[in-house]
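The values are calculated or read from the model by the stated rules, or taken from the named source; none is laboratory data. Treat the numbers as computed from the prediction; the structure is a model and nothing was measured. Counting neighbours? That spans all protein chains shown, and the Cβs are built from the backbone with ideal geometry, glycine included.
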């Protein structure tokens with residue numbers, strides 16, 4: 001993590017140097033179902049990218065808010081590099097604000113997610129990622145490969161286990177220990 005924290009955000013640098021942060025004409029609209037070469041990611045892959053689980057717990061709700069009526073993401077592909085995608089995600093804190101995010105990937109690589117950038121407050125970090133990036137990676141690389149027949153995003157209403165439902169074992173009970 002320390003070595004990665006010293007690395008620059010290459011996606012942000014590329015976007016700034018080519019003045020692509022505000023241009024609309026260099027992107028082509030694409031449906032998520034048409035993005036066949038996006039790499040399949042495991043939950044371990046996602047945890048390694050996010051450096052934890054907080055953003056992954058938010059991913060289903062961000063995805064549900066972002067998906068259009070038929071349950072699919074709408075996204076844009078950079079016309080000069082089809083491995084650079086752009087998405088817009090509504091802020092959960094402010095209805096009038098939407099965040100743009102970019103993800104660069106290489107499906108043939110051992111490390112398929114090359115970089116990301118989001119216009120939110122913490123979106124340029126390289127150690128971990130924001131919840132917007134995590135939700136896009138979760139949907140594009142994990143959720144849509146899970147064999148859901150409807151393509152709709154489902155969200156679990158019970159994210160934390162109820163302590164009353166967890167059975168106790170002998171090792172969980174309080175025992176008195178005597179010192180010898």
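Structure above, values below:
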quantity	calculated
Condition check for residue 122: assigned to a loop (DSSP other than H, G, I, E, B), more than 23 Å from residue 29 (Cα to Cα) and at pLDDT below 85	yes
Residue list for segment 38-47, filter: surrounded by 12 or more Cβ atoms within 10 Å (Cβ to Cβ) and in contact (Cβ under 8 Å) with a residue 24 or more places away in the chain	38, 39, 40, 41, 45, 46
Criterion violated by residue 12 - all others in (1) within 19 Å of residue 127 (Cβ to Cβ); (2) crowded, with 16+ Cβ neighbours inside 10 Å; (3) in contact with a helix residue (DSSP H, G or I) (Cβ under 8 Å, 6 or more places away or on another chain) satisfied	(3)
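A quick yes/no check of all residues on (1) closer than 26 Å to residue 4 by Cα; (2) assigned to a helix (DSSP H, G or I); (3) within 12 Å of the chain's Cα centre (by Cα); (4) modelled with pLDDT under 85:
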site	(1), (2), (3), (4)
25	no, no, no, yes
38	yes, no, no, no
41	yes, no, yes, no
65	no, yes, no, yes
70	no, no, no, yes
80	no, no, no, no
93	no, no, no, yes
101	yes, no, yes, no
104	yes, no, no, no
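Matching residues to (1) at pLDDT below 85; (2) buried (at least 18 other Cβ atoms within 10 Å of the Cβ); (3) closer than 22 Å to residue 141 by Cα:
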| site | (1), (2), (3) |
| --- | --- |
| 1 | yes, no, no |
| 6 | yes, no, no |
| 16 | no, no, no |
| 49 | no, yes, yes |
